[in-house]
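Student: What follows is a single structure, and I will ask about it in a moment.
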């Protein structure tokens, strides 16, 4: 059985394009809301007086006891000011309304109203623990056709999922392996590409080819 390598310039350029798109995507301020529907929801919340919180990598406020921080699944903390429209004297009571909305695009929105007057926030932070689901199932499209694969995330630099993966053609005529790079669209679903090699046996010849594919994956 002989071995033959097939490499094309198009394959190399496609791999470079996929990697460049994934690397540059974290610098897009709309990367957390890739679909037009999110913008509409954000606008509706803003019209209702909600303010967006920035993402925090640590539970807030900072004075929380260490044991609480370790157990916290989500926290929302902020600073702001309130300008009353009436005069108050000691003993008066006022109504306070607090609401926090967390959308599935991972953005958090906060609204506080005191005696019918909204609090103006100068700082809002929201923290939420990440669900550690590392196995992924993905469907891919390459120059050799469509395939199904499974991957395992080992690294997440700049919000990019890096996962070794193995895929098999839907027609069972090749098997491929390599590294998958993907970016989360929303909870549990990612879009990206993979690069590696595939093995084809054709007319008693073992053919080794570069394998470049676009893929969509779901966390298991």
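Since every read-out is calculated from the coordinates, none of them should be taken as a lab result. Not measured: the values here are computed from a predicted model. All Cβ positions, even for glycine, are placed from backbone atoms using ideal geometry, and neighbour counts span all protein chains on display.
Student: Between residue 85 and residue 98, what is 0.36 nm times their sequence separation minus the Cα-Cα distance? Round to one decimal in nm. Before the final figure, lay out each step's value.
Tutor: Values: separation 13, 0.36 × 13 = 4.68 nm, distance 1.86 nm.
Difference between extended and current length: 2.8 nm.
Student: Arrange 82, 174 by Cβ neighbour counts within 10 Å, fewest through most, would you? List each step's numbers first, then the result.
Tutor: Working: 82 14, 174 20.
Placing the least packed residue first, the sequence is 82, 174.
Student: Expressed as a whole number of Å, what is the distance separating the alpha-carbon centroids of the range 109-127 and the range 56-92?
Tutor: About 10 Å separates the Cα centre of the range 56-92 from the one of the range 109-127.
Student: Can you put 96, 162 in order of Cβ neighbours within 10 angstrom, beginning with the fewest?
Tutor: Details: 96 11, 162 16.
Ascending number of Cβ neighbours within 10 Å: 96, 162.
Student: A further question follows. So if the hydrodynamic radius of the range 36-128 is defined as the Kirkwood radius over C-alpha pairs, what does Stokes-Einstein give as its diffusion coefficient at 10 °C and 1.306 mPa s, in µm² per second? Could the numbers behind the result be given before it?
Tutor: On the way: Rh = 14.8 Å.
The calculation lands on 107 µm²/s.
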